[in-house]
1. Considering only the range 259-266, I want to know if a residue exists there that is more than 23 Å from Glu97 (Cβ to Cβ), at pLDDT 95 or above, within 16 Å of the chain's Cα centre (by Cα) and not assigned by TED's automatic domain parsing to the domain that holds Phe92.
2. Kindly provide the set of residues from the range 293-305 that are free of Cβ contacts under 8 Å to residues at least 40 places away in the same chain and not acidic (Asp, Glu), ordered by number.
3. Quick one: would you say Ile208 is touching a residue at least 60 places away in the same chain (Cβ under 8 Å) and either of a type in the set (Val, Ile, Thr) or outside the structural domain of Met297 (by TED's automatic domain parsing) (or both)?
4. Looking for something in a helix (DSSP H, G or I), among the hydroxyl-bearing types (Ser, Thr, Tyr) and in contact (Cβ under 8 Å) with a residue 24 or more places away in the chain - is there at least one such residue anywhere in the range 148-163?
5. Among the listed residues Phe162, Phe197, which satisfies the condition of being over 15 Å from the mean Cα position of the chain (by Cα) and of a type in the set (A, V, I, L, M, F, W, C)?
6. Listed residues Ile138, Ile123, Ile104, Ile68; which is at pLDDT 90 or above and crowded, with 16+ Cβ neighbours inside 10 Å?
7. Please go through the range 228-277 and pick out each residue that is in a helix (DSSP H, G or I), surrounded by 19 or more Cβ atoms within 10 Å (Cβ to Cβ) and of a type in the set (A, V, I, L, M, F, W, C).
8. Of everything in the range 1-20, what is assigned to a helix (DSSP H, G or I) and either surrounded by 14 or more Cβ atoms within 10 Å (Cβ to Cβ) or β-branched (Val, Ile, Thr) (or both)? Give them in sequence order.
Amino acid sequence: MPELIVEGNIIKTPIENIMQDIKRDLAGRKLAFIEPRGEDIKVTCPSHKGGAENKPSCQVYIGEDDIINYGTMHCFTCGERGPFFHFVALCFNQSDEWAKEWLIKNYSEGVVNPTLPKLPEIILNKAKTFKPPRDSSILDTFVSWHPYLEKRKITREIAERFHIKYDPKSQCVVFPVYDIYGEFVGLTRRSVNNKVFIIDENLDKSNIYLLNEVIKEHYNYCIVCESQINALTCWGYGMPSVALLGCGTTDLQMKRLNKTDILHFILMYDNDKYGRLGAERFKKMVAPSKIITDIIMPQGKDVNDLNKDEFEDLLKKNNCIYI
């Protein structure tokens with residue numbers, strides 16, 4: 001039987017048993033449906049609809065594969081995906097770091113032989129797995145434009161500035177991610193056919209999309225969004241912005257943001273349960289020396305749904321007069 005590896009700790013307890021323990025701890029509020037089916041466990045998604053969807057749309061991989069990690073999750077409805085500790089984090093509405101500690105505390109049976117290579121933590125579902133590119137030259141193999149970008153209010157100027165391309169093979173718009181020093185570290189993708197968002201295998205999610213641009217331009221303020229599309233919309237409207245690759249707001253992301261010279265963070269998270277949880281987590285972890293403006297988005301809208309006038313009015317109403 002394959003084993004779960006978390007931060008070098010071996011967990012032999014079957015994933016289905018761990019799910020049942022979580023369901024019991026949460027008094028059945030999530031994971032109402034748990035059923036092994038071959039190499040996967042079909043389970044109600046802990047992310048969307050507050051974990052109370054009627055039909056299970058999430059699967060967790062429990063087979064043995066050289067590419068896919070044991071415990072990899074993927075929801076076919078909301079697109080949420082990641083290692084099993086991320087699944088646990090979604091169940092408890094906690095961070096990935098908290099989930100790792102919870103798994104180790106409750107199920108660890110020792111550590112991996114330190115001579116063995118560490119397994120990658122971020123693996124996609126088998127149908128949507130992409131190997132990490134070695135360098136940014138991969139961008140030269142993609143198409144420079146796709147009408148989807150215009151549909152999402154991303155101008156050709158913004159696409160060219162931030163090297164946004166289209167990959168015909170995966171039928172996805174690709175967003176190159178750079179570290180704070182401007183070094184290329186990998187890609188994220190957004191399908192042009194549906195709402196599926198893909199993080200390429202092994203991309204370190206502690207990175208923050210476009211933080212390198214904010215630092216390079218010496219801004220002491222910026223908007224914080226969940227998605228790349230929203231962050232790019234902000235830049236198109238004249239405001240610097242970063243994206244956290246989701247609403248999770250990890251410990252390492254916050255450490256990086258707290259060390260920058262950015263003094264004013266303007267939060268524009270999605271106005272839903274998980275967006276609000278992410279914003280609250282951000283506010284709890286930000287350094288005391290920073291200024292925070294938490295803008296509540298109009299119900300049912302994110303930044304990309306706003307036109308430029310609506311965007312500017314929202315900033316002005318919250319006393320963020322930078323434009």
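The values are calculated or read from the model by the stated rules, or taken from the named source; none is laboratory data. Small disclaimer: the values here were computed from a predicted structure and weren't measured. Here the Cβ positions follow ideal geometry from the backbone for every residue, glycine too, while neighbour counts run over all protein chains shown.
1. No, every residue in the range 259-266 fails to be more than 23 Å from Glu97 (Cβ to Cβ), at pLDDT 95 or above, within 16 Å of the chain's Cα centre (by Cα) and not assigned by TED's automatic domain parsing to the domain that holds Phe92.
2. Scanning the range 293-305 gives Thr293, Ile295, Ile296, Met297, Pro298, Gln299, Gly300, Lys301.
3. When the stated conditions are applied, Ile208 does not pass them.
4. Yes: one or more hits.
5. Phe162
6. On the way: Ile138 fails: at pLDDT 90 or above; Ile123 fails: at pLDDT 90 or above; Ile68 fails: at pLDDT 90 or above.
Exactly one of Ile138, Ile123, Ile104, Ile68 is at pLDDT 90 or above and crowded, with 16+ Cβ neighbours inside 10 Å, namely Ile104.
7. Result: Ile229, Ala231, Leu232, Cys234, Trp235, Met254, Leu257.
8. Scanning the range 1-20 gives Ile15, Glu16, Ile18, Met19.
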